[in-house]
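In what follows, a single structure is set out as structure tokens and then discussed.
Please treat every number below as a calculation from the coordinates, not as lab data. This is a predicted model, so every value here is computed, not measured. We place every Cβ from the backbone using ideal geometry, glycine too, and count neighbours over all the protein chains shown.
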Amino acid sequence: MMTQADRLDTLLTEERRFAPPESFRNQANYRDPEVYERAARDPEAYWAEEAKNLDWFRPFTKILDWNPPHARWFYDGTLNAAYNTVDRHRFGPRKNKAAIIWEGEPGDSRVLTYDMLGREVDRAAHVLKSLGVQKGDRVTIYLPMVPELPIAMLACAKIGAIHSVVFGGFSARALHERILDADAKVLITADGGWRRGNVVPLKRNADEAVQGTPVEKVLVVERVGAAAAAPWTPGRDVSWREAMAAAPATPFPCEEMNAEDILFLLYTSGTTGKPKGIVHSTGGYLVGANTSLRTVFDIKDDDVYFCTADIGWITGHTYIVYGPLSCGATVVMYEGAPDWPDRDRYWQIVEKYGVTIFYTAPTSIRTFMKWGPEYVQRHRIDTLRLLGSVGEPINPEAWMWYHEHVGQGRCPIVDTWWQTETGCAMIAPLPGLVTTKPGSATRPVPGISADVFDEEGQSVPAGSGGYLVITRPWPSMLRTIWRDDERFARTYFGKFPGIYLPGDGAHKDEDNYIWILGRIDDVINVSGHRIGTMEVESALVDHHAVAEAAVIGRSHEVKGQAITAFVTLKEGIAATDELMNELKRHVVEKIGALARPEEIIFIADLPKTRSGKIMRRLLRDIAEGRVLGDTSTLADPSVVESLKEMYKDKE
Ligand code: WT7
């Protein structure tokens, strides 16, 4: 992304408007603006009404208990997430409807109807039980995008175990930390995964990661077969295929869960080096996920819905698994890269399955732009009727390209602002009701109260900017940070009491539309993935050659932001290209490829204020080649000159 100021300049000159096309509005789930008024008048009543779209074992009579920063929703009700996503459809008219259409990267595919999915989930639930997993236990899942991933998640949900999915791109070390923090008993992984025809060595990473953790059993899905040569540890490793075949074919009864029981943990980056285990509830989370599919995504029974995210992120949890399946929708799930075997893979999938709703990230759209429209044009994609964007602010150019070349000027675009912590889309248009403006996520969805505050906690007038805030609790909000409630309270409710602070800057325009400007903390957004600058800095200083490191995000044409690291070396160590590559590899080993610094700049000293704080803004200005602002607070002004020199050498 650009800097917040640059983005604001661009946005303030953006005057294009797109009203919902009449043909779309006429068929939309929501075509009467009354829903906004009704939800604003009594948000709790609105959510209680929406919650009735789920099947409850024991219906709730309580709606909300708000004891800031702790909220409980529907807290005397009981339900099960696997029942709501699978069994209720499986035992009804959707029995033989496709639930998951899976497309493997090498070209293999699999269709699971709701009934087939239900039988797999039942078997997997039996398997987990037989491995000793009890209600409330944590199960870490480290899988590629194969059907076993949602099956494993739903099996956990069925028996009341808490899943913690770790994205397959994370390193062994990152997986190790997350297993330890969650205190997981079982790890579910695969022998490997396919990525651009190469094998991702998941099992080898997993073997390393489980050392010194409480993991007793490693359940291994076979995906790449002979291509992955990973050793087998008898007694600990269990073959998924064999265990599933041996499991009873009988239905597994759903565990009756309280609405507030934890459904899953999902780790995300914050401003310290330690990732946060975001805790989501069963009832509130599912209500949020289910509702937004019907409101923002206008889901219908005959839709074919394709979200390109990986299930290892919250987007995949909510918008591949829990949201669409709770609605009984047909979901397309793709295993691999968008340019494998060629750059038209997504469009080939859209054509093959007749996709109607397509959800992706701005970084992908910018990549498609770079590749050129001919790849889209190779395919018949006129089944599409609605497009979505998520992950970072979308620049108006990318929005327009998406609109013209993928949406054929016809499909509404829903730009959805939300976070791992919010569970579901929070600021986004309802596509049949809201006129969109390229680059704005528009307005809060019904039932959500978002605003922009100044430093004093006052709502800013239209036409100004400040902190994005959520002023009331909502059902799918995180309940806490796993085993760190104090950090939860401080991080999200520490600035304005009782008000949720997401950590984004925002601008409110004359029509009260919200324009997200980007993070205001030490978190950077690389291709829609959140990475804490501190995490990368810790990984760097962990290397014996490094004395100090400062990491910033600089704007990048395709990725939004790219990681630039400024590094000072210990006495007597030479700054060589080999060392630079070694440091990059070191970060990949510590965190994962997604955190690999785009560039590393060796410098003699980091620019610091007199009080010793690293001047990140200055570093960012230098990395982006901008004229420097005020450096009068700098302890040693000569540092800047040498820095500029150094950086010039790198270009
Ligand atoms: C951060 C959350 C939940 C989606 C995947 C990322 C940025 C997300 C948008 C958007 C502007 C966006 C924010 C947010 N972000 N969507 N539509 N417009 N910014 O989830 O890793 O929890 O990151 O992503 O900065 O705080 P996440």
- Query: Which whole-number percent gives the relative contact order of the range 488-558, counting Cα pairs below 8 Å spaced six or more residues apart?
  - Reply: 17 percent
- Note on the structure: Calc'd 3J(HN,Hα), the range 485-491, phi into Karplus 6.51 cos²θ - 1.76 cosθ + 1.60 (θ = phi - 60°), Hz, glycine/Pro = x, comes to 5, 5, 5, 4, 5, 5, 5
- Measure off 7 Å from each Cα along the Cα-to-Cβ vector at residue 410 and residue 222, then give the distance between these two points in nanometres to one decimal. 4.5 nm
- Note on the structure: Non-local residues with an amide H under 5 Å from the amide H of residue 137, with H modelled 1.01 Å from N and Pro and chain starts lacking one, are 162
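Give me the dipole magnitude in Debye, nearest 20, for the range 358-463 about the Cα centre, with unit charges on the beta carbon: positive for Lys and Arg, negative for Asp and Glu. Could you put the intermediate results ahead of the total?
Numbers: 8 positive and 11 negative charges, 144 e Å.
Magnitude of the dipole: close to 680 debye.
Take the alpha carbon atoms of the range 283-404, find their radius of gyration, then divide it by 2.2 N^0.38 Å using N residues; give the quotient. List each step's numbers first, then the result.
Details: Rg = 14.1 Å, N = 122, 2.2 N^0.38 = 13.7 Å.
Ratio of Rg to 2.2 N^0.38 Å for the range 283-404: 1.03.
Taking 1 over the mean of 1/r across every pair of different Cα atoms in the range 465-563, what Kirkwood radius in Å do you get? Could the numbers behind the result be given before it?
Values: mean 1/r = 0.0632 Å⁻¹.
Roughly 15.8 Å, rounded to one decimal.
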- Percentage relative contact order, the chain, counting C-alpha pairs under 8 Å, at least six apart: 14 percent
- Under the Karplus relation with 6.51, -1.76 and 1.60 and θ = phi - 60°, whole-Hz ³J(HN,Hα) for the range 306-315, x at Gly and Pro, equal 10, 10, 8, 5, 8, 5, x, 10, 4, 4
- Note on the structure: Rounded to the nearest whole number, the Stokes-Einstein translational diffusion coefficient of the range 234-284 at 25 °C and 0.890 mPa s (Kirkwood radius, C-alpha pairs) in µm²/s is 166 µm²/s
- Query: Across the range 176-185, in residue order, what do the Karplus-derived ³J(HN,Hα) couplings come to in whole Hz, using 6.51 cos²θ - 1.76 cosθ + 1.60 with θ = phi - 60° and x for Gly and Pro?
  - Reply: 4, 4, 6, 5, 4, 4, 7, 6, 7, 9
- Item | Set 185/590; 274/495; 135/495; 62/495 screened for pairs whose C-alpha atoms are more than 32 Å apart | 135/495
- Task: List the residues whose amide H sits under 5 Å from the amide H of residue 57, counting only those 5 or more places along or on another chain, with H placed 1.01 Å from N in the peptide plane.
- Result: 78, 79, 80
- Partner lysines for residue 437 [C-alpha distance under 29 Å; skip if fewer than 8 residues away on the same chain]: 300, 370, 508, 559
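Order the peptides 377-389, 23-35 from the highest to the lowest mean number of other Cβ atoms within 10 Å of their residues.
Values: 377-389: 18.2, 23-35: 14.3.
Answer by packing, highest mean first, reads 377-389, 23-35.
What is the gain in length, in nm to one decimal, between residue 626 and residue 271 on full extension, counting 0.36 nm per residue of separation less the C-alpha to C-alpha distance? Intermediate results must be reported in sequence, preceding the final value.
On the way: separation 355, 0.36 × 355 = 127.80 nm, distance 2.52 nm.
Answer, rounded to one decimal: 125.3 nm.
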- Could you sort out which of 129/203; 158/217; 129/276; 570/608 sit more than 26 Å apart by Cα distance in this structure? 129/276
- Quick one: of the DSSP bridges fully inside the chain, what percent are antiparallel, nearest 5? 60 percent
- Could you calculate the FRET efficiency of residue 95 with residue 249 from 1/(1 + (r/R0)^6), where r is the beta carbon distance between them and R0 is 22 Å, rounded to 0.05? 0.85
- Mean residue ellipticity (222 nm) of the chain, computed from DSSP H runs ≥ 4 via -39,500 (n - 2.57), nearest 500: -8000 deg cm²/dmol
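Based on the Kirkwood radius over alpha-carbon pairs, what is the Stokes-Einstein translational diffusion coefficient of the chain at 10 °C with 1.306 mPa s viscosity, in µm²/s?
On the way: Rh = 25.4 Å.
Approximately 62 µm²/s, per Stokes-Einstein.
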